[in-house]
Amino acid sequence: MTVAEAPAPKHPVRQKWWWWLLMVAVVVGVIAVAARPAPQTGASDQRRFALSAQLKCLQCVGESVGASQAPLAVKFRQEIDRQMRQGKTNDEILNYFAQRYGRQVLETPPATGWGSLVWIAPVLATAAAVMMLTMTFRRRRGKNGAAPSSEDVALVTAALADRRDAGAAPK
Amino acid sequence: MKRRAPLVAAIVGVALVSLVVLFATAPSGKDADTSQSVVGKLAPQLTGTTADGSKVDLDDYRGKWVVVNFFATWCPPCVKEHPELVKFSQRDGQIAQVVSVAFDDPASKIKEFFAERGGDWPVLIDDTTASSLDYAVVKLPESFLIDPQGNVAQKLEGGITAAELDKIITSKS
């Protein structure tokens, strides 16, 4: 009795690459859409949402002004609306709140002083991780990457020839 | 190759420590002057309309101590402190003035509240958002004691008593 072998995929390696490319494209696309800048002018809801999401609700725990219904958050949104209608820039509006309530009212940590570590530490950590991974892989390749012996080459050549012969034989 | 790992780790470590020192000692930028406290500064402008339609301006009380009280009729600690403000207003009316700012209440509620619980000082009701934010109010009730020169002498968070206000005014006079 012979067991029918499943047909091998035509281009297994190329298919993998296509999947990887597709995944990268999807991820990049999602990031590009999500990270598109909010409007900088006008008095649209989108701009109000973006600004209120950058302010902490001081009467709540872990909520932004945009997500809260606390009385103070409502007042913050009213003030954002008023200043947007006055034509203030985003920086001017956020500075207005920071000048009254301190920098801690901002959801985005400052890019100066201790707060800048929040921005820099992940970059450094990623760079260090990449370096360590690279070194580890290089070390492994160094250990296992010795040139094959003539016996190894002969073994692989014979195995490949057997496989070719088996594929060419009539079924 | 084996000797490189500690070397790289040392370089990254030194870079990290240097950055920590660098950024910790760097100037804090344009927001360095931001402060959430109005205490010790000239009191922010406070103008508005009362429940009976008259205009109020904090500057009109220059020369007297002023208690600017942010409150709401729906706030239990505000309700609890109200009799103390009534007592303070009646006893120290010659040297001090109470001005309340309704955080989020319609005129009808304010009138009803004062009719029930007493007190005849001005209460600002219309568009108090800017005033509340100028004084950086967070949780009600909050009061600000303004000295006769118009500077914020003290911020009082939570309910206050007439005795407490007297003590502060005496100590700062």
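The values are calculated or read from the model by the stated rules, or taken from the named source; none is laboratory data. Given the structure is predicted, the values throughout are model-derived calculations rather than measurements. Because the Cβ atoms are built from the backbone with ideal geometry, glycine has one as well, and the counts that use them run over all protein chains shown.
Which one of A:PRO148, A:PRO110 is modelled with pLDDT under 90, within 7 Å of another protein chain (Cβ to nearest Cβ) and outside any helix (DSSP H, G or I)? Within the list A:PRO148, A:PRO110, the selection yields A:PRO110.
Within segment A:78-91, the only residue that satisfies the criterion of being surrounded by fewer than 19 Cβ atoms within 10 Å (Cβ to Cβ), within 12 Å of chain B (Cβ to nearest Cβ) and within 31 Å of the chain's Cα centre (by Cα) is A:ASP91. For segment A:121-142, the criterion of a residue being part of a helix (DSSP H, G or I), modelled with pLDDT under 85 and under 30 Å from B:LEU42 (Cα atoms) is satisfied by no position. Contact map, segment B:121-141: residues that are more than 9 Å from chain A (Cβ to nearest Cβ) and in contact (Cβ under 8 Å) with a residue 60 or more places away in the chain paired with residues that are acidic (Asp, Glu) and assigned to a helix (DSSP H, G or I), Cβ distance under 6 Å, separation 6+ or inter-chain. Pairs shown: B:PRO141/B:GLU81. Test A:SER64 against the criterion of being modelled with pLDDT of 90 or more and among the hydroxyl-bearing types (Ser, Thr, Tyr), and give yes or no. Spelling it out, A:SER64 is indeed modelled with pLDDT of 90 or more and among the hydroxyl-bearing types (Ser, Thr, Tyr). Scanning segment A:63-85 for residues that are more than 15 Å from A:LEU51 (Cα to Cα) and not in a helix (DSSP H, G or I) yields A:GLN69, A:ALA70.
With respect to A:GLN83, is the statement that it is of a type in the set (S, T, N, Q) and modelled with pLDDT of 90 or more true? Spelling it out, A:GLN83 is indeed of a type in the set (S, T, N, Q) and modelled with pLDDT of 90 or more. Of everything in segment A:47-77 that is hydroxyl-bearing (Ser, Thr, Tyr) and in contact (Cβ under 8 Å) with a residue 12 or more places away in the chain, the residue that is nearest to the other protein chains (Cβ to nearest Cβ) is A:SER52. Kindly indicate whether A:GLN78 is under 23 Å from A:ARG103 (Cα atoms), modelled with pLDDT under 90 and out of contact with any strand residue (DSSP E or B) (no Cβ under 9 Å at 6 or more places or on another chain). It is false that A:GLN78 is under 23 Å from A:ARG103 (Cα atoms), modelled with pLDDT under 90 and out of contact with any strand residue (DSSP E or B) (no Cβ under 9 Å at 6 or more places or on another chain). Residues in segment B:34-58 that are over 17 Å from B:THR128 (Cβ atoms) and away from chain A (no Cβ under 14 Å) were compared, and the one that is modelled with the lowest pLDDT is B:GLY40.
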